[in-house]
1. Just checking, does the stretch 126-137 include any residue being part of a helix (DSSP H, G or I), within 26 Å of the chain's Cα centre (by Cα), closer than 21 Å to Ile61 by Cα and at pLDDT 95 or above?
2. Can you run down the residue pairs with Cβ atoms below 8 Å, 6 or more apart or on separate chains, where the first is in the stretch 8-29 and free of Cβ contacts under 8 Å to residues at least 24 places away in the same chain and open to solvent by 80 Å² or more (accessible area, probe 1.4 Å) and the partner is part of a strand (DSSP E or B) and not β-branched (Val, Ile, Thr)?
3. Report those strands (runs of 3 or more DSSP E) wholly inside the stretch 218-321 carrying at least 3 residues which are closer than 30 Å to Phe22 by Cα.
4. Looking at the stretch 58-76, which of its residues are among the hydrophobic types (A, V, I, L, M, F, W, C), open to solvent by less than 10 Å² (accessible area, probe 1.4 Å) and within 20 Å of Pro173 (Cβ to Cβ)?
5. Looking at Lys290, is it open to solvent by 50 Å² or more (accessible area, probe 1.4 Å), more than 25 Å from the chain's Cα centre (by Cα) and more than 23 Å from Leu208 (Cα to Cα)?
6. Considering only residues of the stretch 261-283 that are hydrophobic (A, V, I, L, M, F, W, C) and in contact with a Phe, Trp or Tyr (Cβ under 7 Å, 6 or more places away or on another chain), which is most open to solvent (accessible area, probe 1.4 Å)?
7. (1) in contact (Cβ under 8 Å) with a residue 12 or more places away in the chain; (2) on the phi > 0 side of the Ramachandran plot; (3) out of contact with any His (no Cβ under 7 Å at 6 or more places or on another chain): which one isn't true of Leu272, the others all being true?
8. Against the condition touching a residue at least 12 places away in the same chain (Cβ under 8 Å) and exposed (fewer than 12 other Cβ atoms within 10 Å of the Cβ), how does Lys101 come out, does it pass?
Amino acid sequence: MGQNPEQVVLMEGISSIEHFLFPGKTPRRVLDDISLLIRKGEVWGISGTLLFEIKLLLEIIANIRPYDKGKCVLIERGMMRRKRVILNHVFYIGSSDMLYKNMNVLEFLMFATAKFKINKVLLQEEIFEFIIAIGLGHISLTSNYKLTKEEKALIILIVAAYSESLIIVFNLPEYQWDEVLINAMAKIADFIREREKTLIMGTQNCLLIEKACTHTAILGNGSLIYSGTVNNFRRLYDKVEIIIQDSNVLDIKEKLAQGLPNYNYVLKGNILKIRKAGREESDPRTVYTKILESGITPDSIEINPKTVLNAYEELLREHDL
């Protein structure tokens, strides 16, 4: 570990103290045998089916929750299993209640960054321009108490981005993110990466992972069922090749099933998704061509861009979750 400064989080065989209790069954550890490697400058989205599992893993990473077995090292520093201390190089966000209610957004950001060794006028100008650039200019002079909890959380994340902390743990997987805030989060994440910091966020929002994260880890039944890059995750697990939209989609499905029998067809309303059934390489253009050659002309047809949501749903299907 000491020979690779790029590694900022190393977890090996981590198991939690906490257990789930089921009537008539053996208790199950909430987290069991978790191994994870996170490097400098990466943005991780930790997701899964249970909020408690996500929150617990991020609390262990931040060193504020003890664990039972395994090894966890943060930036070359081992963590005692039962010691609960937030380390200087970790900025932990587990709540959005840190903002002073009697300040507006820009005032709070200036206050929170006051100790930084930079000209205050220049810093205010830089932060103001940054808020506008990420699409939050409309709240820059809004009183903090008027913000939603999600907006407050992003303001705290901006403070973390400007701080000296090398690891930022954003542990709010229960929060709901709209498109404006997701786009803002993606730009803050880019800024964090530019500063060679590492961001680890807990979320059940697949679009947030797709837009803001370089890597993702998915939890299922207390185990890590995927860990790796977001692009690889989309490529491996999103099996949807073509998306068709038409008012007569049922007839289209029946025709295609005869000409393309080696695919699965998923109907939802007037939308038909054509999914590859096996492990072979994705080949949506061949499917697209065969549809056109068959004389079918739906209202809308598109090659699936491969999304985190489709990949996530497929992964859960494979693990019966």
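The values are calculated or read from the model by the stated rules, or taken from the named source; none is laboratory data. Bear in mind the structure is a predicted one, so any value in this text is a computation, not a measurement. Every residue, glycine among them, receives a Cβ derived from its backbone with ideal geometry; neighbour counts consider all protein chains shown. SASA here: full protein model, heavy atoms, side chains in, ligands and nucleic acids out. Shrake-Rupley method; radii C 1.70, N 1.55, O 1.52, S 1.80 Å.
1. no
2. His19/Arg28; His19/Arg29; Phe22/Arg28
3. Correct list: 223-229.
4. Once the filter is applied, which keeps residues that are among the hydrophobic types (A, V, I, L, M, F, W, C), open to solvent by less than 10 Å² (accessible area, probe 1.4 Å) and within 20 Å of Pro173 (Cβ to Cβ), the stretch 58-76 yields Leu58, Ile60, Ile61, Ala62, Cys72.
5. When the stated conditions are applied, Lys290 passes them.
6. So, considering only residues that are hydrophobic (A, V, I, L, M, F, W, C) and in contact with a Phe, Trp or Tyr (Cβ under 7 Å, 6 or more places away or on another chain), the one most open to solvent (accessible area, probe 1.4 Å) is Ala277.
7. Against the list (1) in contact (Cβ under 8 Å) with a residue 12 or more places away in the chain; (2) on the phi > 0 side of the Ramachandran plot; (3) out of contact with any His (no Cβ under 7 Å at 6 or more places or on another chain), Leu272 comes up short only on (2).
8. yes
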